[in-house]
Structure formats: C-alpha cells, structure tokens
1. Given R₀ = 45 Å, what would the calculated FRET efficiency be for residue 508 paired with residue 796, taking r from the Cβ atoms and rounding to 0.05?
2. May I ask you to sort 671, 733 by Cβ crowding, counting other Cβ atoms within 10 Å and putting the fewest first?
3. On full extension of the chain, what length is gained from residue 57 through residue 664, given 0.36 nm per residue of separation minus the C-alpha to C-alpha distance?
4. Taking a spot 7 Å from the Cα of residue 1009 along the direction of its beta carbon, which residues of region 1075-1095 have an amide N less than 19 Å from it?
5. Using r as the Cβ-Cβ distance of residue 109 and residue 902, and R0 as 60 Å, what FRET efficiency do you calculate, to the nearest 0.05?
6. Would you please give the FRET efficiency between residue 360 and residue 326, computed as 1/(1 + (r/R0)^6) with r the Cβ-Cβ distance and R0 = 22 Å, to the nearest 0.05?
7. Could you give the length gained on full extension between residue 374 and residue 72, defined as 0.36 nm per residue of separation minus the Cα-Cα distance, in nm?
8. Tell me the label-point distance for the pair residue 48, residue 874, using the 7 Å Cα-to-Cβ offset, in nm and rounded to one decimal.
C-alpha cells in the first residue's frame, strides 16, 4: 500500500528534485505489480507554467538517467530512490520496467498529466461545466473584466429594480463627488469576493446571526445619556468643558427634545446613524474616549457613551453588510448573463463555476465528501495518484475541489487499490495571499486526513543545496526562534514557525551584509532626500560591490515594488550601467515592440495619444518642443479639415506645414505615409521596423530575439486568417486577446552580461549567485485591498466550513484596528477579525522577505531604507503590527541591533569572480539580421523548425479526432468553434487552406450519419475512457446514451486503412457489463467505425 505524504520543503532543499523522484517511485512500485502503463494514472499539479515545465523536464531527464546504466548520475539517482519507503533494492527487472514506461511516455507525451492549477481547473470546466451549461466554445480572458464591471454598472443604473436595491449601497459606499472608478471598485469587490458571499448564503449566515444588535441595551444606554445631558444642559460652560464639538454635532445636542422617549426614537431611527457627522471616523474617535475633555467629575457617567458608540458602530457595520448581501444577487445575475452569453471567462470564473458545480449535491459529482465515478466519467480519466506542488499557494475554493478528489484517491472501498497523494510546499513561501492563497491549508492536510487513515506521513526537507554556508547561517539568524524574527513575532501572538536549515557541506564561504539607512520626504539638512538614498544604494552598494569583484551578469537587484526598481534603473541608466528589467508579462511591453504596437494602434484608430506614446518611447524619444508641435498640428488639422482622427491625410498636412522640428520628423512621416497597410501583417511589421531603423538604436541580443519572435507572431496570425481578414484591426484584436498567452511572453531574461532588476514576487523559484535586496520601508508594504469592501473570514474543521464572515468597507479597517477592546461580544469579534487580517498581512510580508533572502547562492547584500529624519533606531522603537512595513522593519532591526556597527552587519568576504569574454552576439547569433531588413528579402518561417514527431498523415488523423471531439449535434456554433480551435492548434503543421480542406472533407462525409448526431441522445461523451475487468484502459471516441429508449451508440473514428473489428465487440462487452447499463438490451448497444477518407488531400 502506498503512503500519502505531506512534505514541507524549505527554500533550496530540493523540492522539485524530490517531487520528480516521488513520481518515478510510483512508476517503479506500480510496475512491480502490474504490466500496464502507470503514468496515465498520475496527475501532477503545480502553480506556475515554469514549475510545470521544470517538473516535466526533470521527470523525463531522471528516467533517461535511470534507464542508462552507463550515465554518470545513474548510481546516485538509483541510491536515492532505494531510500524511499517500499522500494528498497532496485533490480534489473525494475530498470527494464522503467525503460518500458519511459518509452511509452515518450510516445504519448500528451498523456503525461502535468498541469498548472489553472490548467487543471480549466480541464474540469471544459469537461464538466461547459457540457452542463451547453457552452460549445469559450475563451479565457483575464483582461476584459474592467469592461464587464462597467457593463454591470450600466445595467444597474438602467433598471429600476436593480437601482432601487443599490441606492443604499451607493449612498453608503460612494461619497459625493467621487469618480466612476469608485463605482467600478464596488462592482469589482462583489465579483472578487463572490466565493465568500456565496459561502455566507450557502450556510445561512445572515448578518443578524453574526452581529447581534441588542435594542434593549441601546435604549438603556441612550436613556442614561439623555439623563446626563439634561443634567448638564442648564450650564453651557459645563457642556463645553466636558464634550468636544464632534459629539455635540453627532447627537445634535443643541436641538434636544424635552421628551425622553421621543428623543431616543429620533436618535435610533434617524439622527445618529443617518447624520452626516456620524461617520466611521467619529464613531471610532468617540468610542476611543477622545470626545472627553479632562474632567474627572463626569468621567464615570460619560463612559456610558463609549458602549453606546460601540453599539452604533455595530449597527453601522451590520447595516452595510446587510445591504451588500441583499444586492449581491443582482450583481451575480447580471455577471452570469454576460459571461454565459459572451462565452468569455477569467480564471477566477473557471474556478468559481467549477467548484459550485462539483459541490452541488444535485449534480452527483460528490457524495460523502468524495468524488463519484460520474466525476471521472465526465473527465474521461481516473487518477490513482496525485502530486501537488507549492501547496502553500492553494486557496480555499481550490482546496474544496482537491479535497473530494484526494478523499476518493485514498478512500479504499470501490476504488482502485494503492491510491495516494504527495503534497509538497513551504508555508514560509506563501506570498500570494492577495490572490486568495491560504498558507495554513498546508498545515491542515496531514491532521485532516489522519482522521480517516493512518496511511499518511509528514516529512520535512531541511538540508539546503542552494546557498553557501554563510548565507544559510545569515538566513537562520534572521528568522530563528532564538532572537530572530520568529521569536519576536511570537511575542505579539503571531505564529511563524522556523526550523534552522543545514548546509549540504561544511564550507563557510559566501558573503553577507546588512545596511540600515534613512531618508526624509521633507526638506531637511539633517539627512538624505529619497533621491539621494536611492543614489547611495547604487553608488555605495552596487558599484562598490562590482569593484570588489562581484559580477553584474550573475547578480540581481530585488525590490518589493516595480516603482522602486524603475527608480534604480533610471540611476543605472544615467551611469551607463547595462541592466535588464522585464517588468511586463507580454512581449507587447518590450521596449522594441511597444513603440510599434502604439504605431499600429494609431494606424487603426487615429488617436493622438497613441502617436504621442510612440514618439516618447525609448526607441524614438523626441524632444518636448517637437512633442507639443505635433500636438498643435494635430489639433489644427482637426479644426481646418474637420476630418476623422484616423484620416491618414494628416501626414501630408504635417509634411506640408511650415513647422520646423528639432529632428527630421518630416522625413519619418513621409516614409510612414508611403507604407502600404493592406499587406500581410508580417510584411507590415518588417517594413515598419526598417523605417524605424531600430538596428542602430538597439544592439542587445534580447532585443533581436524579441523582434524575431514578434515577426513570428505576425506570421502565425497571417497563417490563421483568410486573406480578407488579415488587417490591422484584426491583428490588434489578436494581440490583445492573446497578450497573456505563453507564446506572447518576451524573451530576454537570459542576457549573459547584464545586471537583472526583478520584483520579489517574480523571483520566486529562481536563484542567483548574488542578490542585492533593496527594502524601502518608506513605501507601504502589505496587501490591504483597494476594493470597496473586504471579506474577513474564519473557518473551522480544517477550512471545510465557514465559521464567521464579515463584509466590511475597506476604509473602515484602518479605523477599526485602533478601537479599544470592548466588553461587547460582537465588537470584540469585529476587532479580532480585523486584527487577524492585519496579522495575515504581516506574515505575508515576512514571507516575502524570506523568499528574497533565500534566492542567494553565494552573496547576499540587504539595504534597508526607512522614511524618517530621526534615524532607523527611532522608527524601530515605536511600531505596531498594524503598521505593516514599519513593524517588519522593527523586528528586522531588533534582530541585528546588537551586532550592528555604524548601522551595518557584515560576515564573510567577497571572492572576486572571473568575467567571461563578451560574446559577439549580434554577429554570431543574429548574423541574419541585416538580411532581414534588406528590402529585397522577406522572412521565411521554415516548417523544418517544428519537431516532426509523426508523419503528416498521422497528424491529420489527430486533427480529425480533435475536430470531431467538439461536435455533438452537428450544429453550426459547434462547427465554427471546432474550426477556430483546429486552426489555432494545427496552424503550425498545415496551412489554413489545407486545414479548411480537411474540415470540409470531414463534414461532407460525416453529415450523412444522422443517427450519430441526433438530438435524441441524452448524454454524449467524447474521448470516453473506461476500464475492462483486467483494469486495462479503453478509449472510445464517441459514446452516446438514450436512457429513455435504453439505447447506446459507440463510434470510433478512423482515418487510416487498418481496422480491428474485434475492438468494437470488446467495447460493447465492457459497456454491457457496467452496472449502469446492465438493464439495456444487448441488441440496443451498437458500435461502428466512422471512416474518413483523406486520400485526395495533399499534405
């Protein structure tokens, strides 16, 4: 029996290595008891594309080494595997089994299931949600959400029913004079907090259940307050001495009525909470006793007001939460309609809809907290083993999808034997709390499953193979539970456990340095300005380190924000220090492609902003004088000609004008005017780059890489479109729609001779010989939401059940965190939940620090900067947990305070690196660059660059199977969606014309099979996987069921000339023996080959 494992792996301890060997260990143990391939039964889930690619590569590499006994690493890998539980000695038959498994994996790479979490959720959505909601085609788009939020707002304002519900929310949340963005943020909050709101509705937790408001106590308190006021109102001097003006205004004391009951009613129903002066600031301020002036005579009586204002605070929060919950259904109604009709979903949508469908008991995908066979039937596959990487980044909604799957895998009865899971993570590296990650889930897995089985173990990896001895010692000192950050957090009730890691060798090499510095935003002769502090970092830290022998090419500067990195980059640029700062995720943001993209937009839309952005880009950079001259000419043309902005005749207007420019802009405009825009996009891109003459302006290999890549993207667009659709407008749509796709990622981080600048978040999973960490504690750190409201939650039973939830305006959090503790239970609940939120935020920042420090292999230099003219030590002495960045600075300072010398701690010494000879990259690697820009040449994209795994005929067969997999009832929307998908997937194999011919042939031959595509079938499964009694997998291309007439139709698509007729009989036999179909008459279970003849098509 396999044991499930929860492995906590500190940074640099070989997490990916271990997970890859766990995969191979499963192959090895299973092949000892079964001759069937095992890899199809294993699912690996990671959280990034990079991790997915790395694990896949490791698994295949290690299998290659293990199956080659002559490889130098063979014995080492074999020895490590033999130490795994249940493997012991690896013999020749084991190696032969691995060779067989490896060869099958090479032939069926597409069946090796290693997915990102987004890919896994999309897999579920495509196979479960899409069929259930009759979605035949959809796109994943995370970039159009703002447009959808605006559409929701428009519909709310345009429909009386919606507006009436939202009017109170608008009044409560949107102050007079606020911009449209505030309304958008409110809608956005509903969508991004949908999971929690649905949980509140699902478990029936109304606001009254959580925040009880006791009318009797409030009446009593108001009565006491009224008595007190009437006692002192006769003496105006006493009133001014005792009460501050805020409380006088909040309670409208100057207009007090003589009738006590009437006044209490007035306060409760109208005056207090609806008074504009009774905002959260005043409630909080009064509740903190700031309303009192020094007057001991009335202090005891006035303490009544403290409790009273706490109740008002409670009522205000409760009312706002009630408004939010009542209005949420309208937002979701509109949102779902937009999504389902537009068939465009974000990754958050896929996760939400998938979890809702799976967890809905009516759908029978989950029973007794385990997924059912129906779940696997829809997914067309069944997993016996699940390996999950980076589990600390899992969110609660993802956990609730994983949980029934893992329960089923380890359940036992009615399942395949020997199922297990391996979960790997490090709660110290959980830095995606702002994205929904819940680090405590990693700590829940082992105790949760321990309730059902003893067949689970917890392990820790604590030997570091990445960093030098001094770096490891420094990290241990920083976070240690003995006088480190861990201990200091514990004193404030914050649990952040740290176990010292061990170096893999006894060497004491490496260099570490910590510096503390300060600046002031205010003009002061006593300390540096912010600009001077940044310059000090570059001059006294970076440049001096380079002088001492550290190589820029193996170094990185890490910072928490791109803003800080940009400022450092500006200083480096002034000093002519080459660096790489890829802060964008798409090639459209690359410095060479970006100006062209603006110019392309200007060609299409004619917006002057696009033209001006182009001219101010790095590739062009015109003067301010020319900038304003172009602006004025543009306006003049609009006034004189009254032409549309996109009218390209403006180019002639500029060329013919008397305006003189500082640079030769008129020549540039002349060349642009001569461009033919009605050509293939690849030709247009090349022509524009020739005109821009970027060859002389950019001379770095990564720039050329990205130029070639962008030209390739234009080529792919041309090949995927019919001639009439190859225009600028469609190309722009194509670029924007796919800007986050993998093929749109920029190259360039592999520069061999440049210093890299990178955010801490982007550095996760990477390592560098030298890390310069720039921590600007003068900037705000933390994940406080910019949304209109926050969802504060507490879960029970290992995050399987919502315990309490509070929807609260984000702007209230800064007020609530400072409120004094109260003896009113629900005020304490609010206070505790707010405090928990800030503690999580602080832990997230500590994790960011940990991730940054553990990227270093040999040298680690940390520059801490704080905004205070009084110096670092004074800032450290007066911070609390609610000031996230300052408190982190405090604990960091306290950790090194005793060892500091002139605000500096240093250990080890720098060992100078040998600089490699620079490579003549342009001449050697990109020798074809000049030919590309020769007007007589054109770029040819050779199909020989594509790995030819199968013959063209076999690939055409795959194309047919993929196309037919998307056809259910032969409806035009299905056919159109399938055609788009095929063009995108197979566009690099066949021309668009060839693909069109294949599809036309398939449709013509398939349309006569009316029975196959009849709407009488209740359920249609494509790529349906089932297992015979020997547990051998069978895959049916199309499986249709009619429960009413008890009919089944099995269809197997064939494009080749060889058929095994017994295959159909085998399928029929397996189906007839399944419990679900045993009562179907055998004569009603039919099967046949649907043959497609492609012999007339030339490949």
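Where a number appears in this text, it was derived from the coordinates with a stated rule and is not lab data. Just so we're clear, the structure is a prediction, and the values are computed from it rather than from any experiment. Using ideal geometry, Cβ is built from the backbone for each residue, glycine included, and neighbour counts are taken over all protein chains shown.
1. Numbers: r = 48 Å, r/R0 = 1.06.
Calculated transfer efficiency: 0.40.
2. The fewest-first ordering by Cβ neighbours comes to 733, 671.
3. Working: separation 607, 0.36 × 607 = 218.52 nm, distance 5.16 nm.
Gain on extension, residue 57 to residue 664, equals 213.4 nm.
4. 1084-1095
5. Details: r = 58 Å, r/R0 = 0.97.
Once the sixth-power term is evaluated, E becomes 0.55.
6. Numbers: r = 23 Å, r/R0 = 1.04.
Rounded to the nearest 0.05, the efficiency is 0.45.
7. On the way: separation 302, 0.36 × 302 = 108.72 nm, distance 4.71 nm.
Between residue 374 and residue 72, full extension yields 104.0 nm more.
8. Label-label distance for residue 48 and residue 874, simple model: 4.0 nm.
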